[in-house]
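This report concerns only the one structure given below.
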Amino acid sequence: MQKEDLDVFVVGAGVIGLSTAIRALEAGFSVTIFAEIFPGDEKSIKYASCWAGADHISVAATGAFMHELEQETFAVFKGLLKEDPDVPVMVRPHQRYVQDDQPDNWMNTDHLRNFYPDFSTLDASELPQIAVRGAAFSTLCIDVPRYLPYLMNRFLASGGRAFRTTLPSLSALLSNTDRPTFEVFPPNSSRSPPTLRPTAVINCTGLGALSIGDVLDTRVYPTRGEVLIIRAPWVQRDSGFRWTDGHISYMIPRQTGDVILGGTYQPDDWHPKSRPETVKLIKEHGIQAFPELLHPSKRETLNIEDLDVIEECVGLRPTRKGGVRLEIESLAVGERTIPIVHNYGHGGAGYQSSWGSATRAVQLLKSVLKTDSVY
Ligand SMILES: Cc1cc2nc3c(=O)[nH]c(=O)nc-3n(C[C@H](O)[C@H](O)[C@H](O)COP(=O)(O)OP(=O)(O)OC[C@H]3O[C@@H](n4cnc5c(N)ncnc54)[C@H](O)[C@@H]3O)c2cc1C
Ligand SMILES: *[C@@H]1O[C@H](CO)[C@@H](O)[C@H](O)[C@H]1NC(C)=O
């Protein structure tokens with residue numbers, strides 16, 4: 001059988017599903033994406049990818065699996081930027097500061113030094129008054145509202161197909177009786193309905209965990225992230241500040257002049273709307289850490305009312321105890337058993353580990369299709 005006759009179904013059109021689907025196409029498979037939510041849709045609490053900043057700051061321990069994925073992804077982004085200056089990713093200076101000296105991975109200078117080639121620690125004279133320590137390096141800022149459509153277009157332009165559907169289970173994709181409804185995506189493309197006879201399925205459903213009910217992975221949970229989008233076109237750097245009270249202020253610039261100001265990390269909190277007290281906390285910490293978020297004429301008074309807030313956002317990071325799941329299993333329906341490759345549970349690091357994860361998922365796919373228990 002030719003590879004292009006091997007139909008691979010990718011479930012999920014977040015940054016993980018899209019990157020994985022692109023890698024699978026590049027490996028020569030015929031690829032179809034199935035998802036409830038796509039890039040360009042109205043923002044949804046069920047779609048973590050639309051809420052991210054997103055920058056690339058590796059806080060996974062040196063040597064950890066996630067660290068490898070992040071390193072591979074960093075290299076891929078750098079390559080993309082070289083090949084195509086229009087890719088919506090920017091190289092930006094990053095500075096991070098801590099208010100006190102508790103050791104942690106967030107300011108693990110040995111780790112960061114290994115990861116980011118131009119890493120340096122800041123001198124006392126370079127620190128804001130409220131910080132005791134700081135570090136600087138260049139990193140990547142991924143312009144999410146442009147980057148997701150970029151991935152989608154790249155997938156479609158390379159011959160990928162996509163259908164919108166809400167699946168009660170993954171096995172619903174394996175049977176032509178009792179079919180869920182499918183809508184062609186994008187809606188104006190002419191294409192016949194899918195034949196449900198995949199060679200393999202890749203599961204990139206993020207927090208779908210709790211809705212896609214063949215087998216529930218009880219290790220999956222949300223880490224709620226509340227952030228603000230601020231209009232501040234003069235901000236060109238990416239920055240973070242860890243406060244003694246545990247709050248982390250961070251800001252990530254976008255190409256449009258909008259800046260993401262974060263934020264919270266709230267495990268197991270599903271609340272889908274912003275909370276006024278949290279918004280206030282993010283603003284108060286934010287303007288003290290980064291007075292430059294305010295218009296130059298307003299920086300003396302540090303008044304939160306002077307922030308130009310465009311949007312209050314809440315996203316749920318698909319987190320997993322034990323970390324990301326990149327693994328092969330099989331899915332049995334009636335007489336048929338097909339391989340399923342899992343690629344989910346990236347928590348707060350889905351962008352910065354996306355290409356590394358995608359490559360691993362496709363390697364797993366190739367390995368299982370070679371040993372072939374399939375057809
Ligand atoms: C506030 C915030 C800031 C962040 N900042 C960063 C950052 O700076 N850097 C970084 O690397 N990461 C960041 N992240 C994390 C990143 O956004 C996530 O790790 C990433 O988006 C996860 O992508 P995903 O594709 O796994 O999931 P999602 O984007 O949630 O996509 C899931 C897909 O599966 C589909 N799906 C699920 N269930 C079903 C079903 N039953 N039927 C059909 N389709 C289904 C959905 O429709 C969707 O298409 C941030 C996240 C948040 C919330
Ligand atoms: C697919 O992924 C979800 C996580 O989003 C997980 O809970 C579920 O168990 C996986 N599906 C199967 C059939 O294993």
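The values are calculated or read from the model by the stated rules, or taken from the named source; none is laboratory data. Bear in mind the structure is a predicted one, so any value in this text is a computation, not a measurement. Cβ placement follows ideal geometry from the backbone for every residue including glycine, while neighbour counts extend to all protein chains displayed. The area values use the complete protein model at the heavy-atom level, side chains included, leaving out ligands, DNA and RNA. Shrake-Rupley method; radii C 1.70, N 1.55, O 1.52, S 1.80 Å.
Brief remarks on what is shown
- Note on segment 258-268: among residues that are open to solvent by 10 Å² or more (accessible area, probe 1.4 Å) and not hydroxyl-bearing (S, T, Y), the one that is farthest from T319 (Cα to Cα) is D258.
- Residue that is farthest from L365 (Cα to Cα), among those in segment 185-208 that are surrounded by fewer than 21 Cβ atoms within 10 Å (Cβ to Cβ) and within 15 Å of ligand 1 (Cβ to nearest atom): P186
- Per-region count, segment 161-178, residues farther than 13 Å from G12 by Cα and among the hydroxyl-bearing types (S, T, Y): 3
- For segment 330-339, the criterion of being in contact (Cβ under 8 Å) with a residue 12 or more places away in the chain and within 16 Å of ligand 1 (Cβ to nearest atom) is met by at least one residue.
- Odd one out for F241 among (1) modelled with pLDDT of 95 or more; (2) more than 16 Å from G53 (Cα to Cα): (2)
- The set of residues from segment 28-73 being closer than 27 Å to G322 by Cβ and in a strand (DSSP E or B) comprises I33, F34, A35, D55.
- Options R96, R146: the member that is in a strand (DSSP E or B) and either open to solvent by 70 Å² or more (accessible area, probe 1.4 Å) or among the charged types (D, E, K, R) (or both): R96
- Output for segment 13-28, where each listed residue is open to solvent by 10 Å² or more (accessible area, probe 1.4 Å) and touching an Asp or Glu at 6+ places or on another chain (Cβ under 9 Å): G28
- Test: residue in segment 312-333 that is in a helix (DSSP H, G or I) and among the basic types (K, R): no
- When L174, L151, L156 are checked against the criterion of being within 16 Å of ligand 2 (Cβ to nearest atom), in the same structural domain as S357 (by TED's automatic domain parsing) and either under 23 Å from the mean Cα position of the chain (by Cα) or open to solvent by less than 20 Å² (accessible area, probe 1.4 Å) (or both), L174 stands alone in meeting it.
- From the options T139, T73, T109, residue that is open to solvent by 20 Å² or more (accessible area, probe 1.4 Å) and in contact (Cβ under 8 Å) with a residue 24 or more places away in the chain: T109
- Among the numbered conditions (1) open to solvent by less than 50 Å² (accessible area, probe 1.4 Å); (2) among the aliphatic types (A, V, I, L, M); (3) more than 19 Å from the chain's Cα centre (by Cα), the only one that V324 does not meet is (3).
- Residues of segment 178-235 that turn out to be in contact with a helix residue (DSSP H, G or I) (Cβ under 8 Å, 6 or more places away or on another chain), within 25 Å of R317 (Cα to Cα) and outside any loop (DSSP other than H, G, I, E, B), as a count: 12
- Cross-chain or 6+ apart pairs with Cβ under 7 Å, segment 19-31 first and over 21 Å from Y344 (Cα atoms), then crowded, with 22+ Cβ neighbours inside 10 Å: S30/V8
- Checking L316 against (1) hydrophobic (A, V, I, L, M, F, W, C); (2) at positive phi; (3) surrounded by 13 or more Cβ atoms within 10 Å (Cβ to Cβ), the condition it does not meet: (2)
- Positions within segment 331-348 being of a type in the set (S, T, N, Q) and closer than 19 Å to A21 by Cα, in sequence order: N343
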